[in-house]
1. Would you mind finding the one in Pro114, Pro146 that is without any contact (Cβ under 8 Å) to a residue 60 or more places away in the chain and under 24 Å from Leu232 (Cα atoms)?
2. Which numbered condition in (1) in contact (Cβ under 8 Å) with a residue 40 or more places away in the chain; (2) over 27 Å from Val261 (Cβ atoms) is the only one that Val216 fails?
3. Sort through Met49, Met44 and tell me the only one that's closer than 23 Å to Ile252 by Cβ, modelled with pLDDT under 95 and not in a helix (DSSP H, G or I).
4. Out of curiosity, is Thr222 in contact (Cβ under 8 Å) with a residue 60 or more places away in the chain, over 14 Å from the mean Cα position of the chain (by Cα), in a helix (DSSP H, G or I) and closer than 26 Å to Val147 by Cβ?
5. Taking the conditions exactly as written (more than 21 Å from Gly185 (Cβ to Cβ) and free of Cβ contacts under 8 Å to residues at least 12 places away in the same chain), does Ala106 satisfy them or not?
6. Tell me, please, whether a residue that is crowded, with 24+ Cβ neighbours inside 10 Å, touching a residue at least 24 places away in the same chain (Cβ under 8 Å) and among the small types (Gly, Ala, Ser) can be found in segment 160-172.
7. Can you confirm whether Val87 is β-branched (Val, Ile, Thr), more than 19 Å from the chain's Cα centre (by Cα) and part of a helix (DSSP H, G or I)?
8. Would you check if there is a residue in segment 209-231 being over 30 Å from Ala8 (Cα atoms), of a type outside the set (Phe, Trp, Tyr) and either open to solvent by less than 40 Å² (accessible area, probe 1.4 Å) or in contact with a strand residue (DSSP E or B) (Cβ under 8 Å, 6 or more places away or on another chain) (or both)?
Amino acid sequence: MPHYPLLASYTAPARATAELWRSLVGILAIMAIYALGASTLIGMSLAHMTGMAQVFRLQEIATGSSPFGVTVLLASFLPLVAGVLIVTQYLCKRPANSLFGAGWGADFRRAFWPLLALGVVMAWIGSRAPDVGHATALSAALPWWPVVIPLVFVQICSEEVLFRGFLMQQLGAWSNNNVLICMGGPSILFGVLHYDAGTYGAQALWPVIWAAFYGVLASDLTARTGNLGAALAFHLVNNLSAILLVSYYGHIDGVALFSIVVNLQDFNTIAPAMLVDGASITVSWLLIRLSLRV
């Protein structure tokens, strides 16, 4: 088991209000704020539309299959960020910025640029694969990127402050920094929430395993550094690559330059793809550790 000397200082702000009931109530409150805010935002995007036009627009948003759909889908995570910050500040009675840990900005910058370079190279290699084709023309995608890129940060930030921030700190303070609880618990939950039988059919367990594995790596980086900076960079580059560069066809590919055209419900397709993705994020995790020397 790795030794994490900075984990105690990272979870320390949560010690005074680490009761399990408070964490559970906090999660319920966060989900309520998220559900209310996201449904309101999506409802506003459907205003003045009726009938099948509304159905088609809602499908665009759910799958991120158009520039507008991607934009609304990512913007729907704004209430999740707000919910975590509000619950931390008012229910857990500690500063919302304590979720990020000391020195997160410096670690984010040091990790981001090497990761971005690696991500571009890996995306270029991936775009040469035989099952990858052109998706959105650069001239059509580029005008949306100044809007989409900040919203990708909102999306990854919402998940990091919830899983590696709020939950990891609350459970760490409650369990005396038992890593199986404070790192393993949020990682398993993160994986379970990626279950999508509608997209992956009988192979839906593979994305769950991949996401849980990602969660373990992100938790490890957070525990090693004592802040969220490295995990934010890790998540941001991964999602920028998957949303802007090479996406799965029909799955948040509305502004992607390339799309992978495969049957996501076929074991012989999805299993190797998940294994390659797992190897890719492991390389990224190692690069972060080398960059930050942790």
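The values are calculated or read from the model by the stated rules, or taken from the named source; none is laboratory data. Worth saying up front: this structure is predicted, and the values here are computed from it rather than measured. Virtual Cβ from ideal backbone geometry, glycine too; neighbours counted across all protein chains shown. Protein only, heavy atoms only, side chains kept; ligands, DNA and RNA dropped before computing areas. Shrake-Rupley method; radii C 1.70, N 1.55, O 1.52, S 1.80 Å.
1. None of the other options fit; the residue is Pro146.
2. Failed condition: (1).
3. After ruling out the rest, the residue left standing is Met49.
4. no
5. No; evaluated as a whole, the condition is false for this residue.
6. The answer is yes; a qualifying residue exists.
7. It is true that Val87 is β-branched (Val, Ile, Thr), more than 19 Å from the chain's Cα centre (by Cα) and part of a helix (DSSP H, G or I).
8. no
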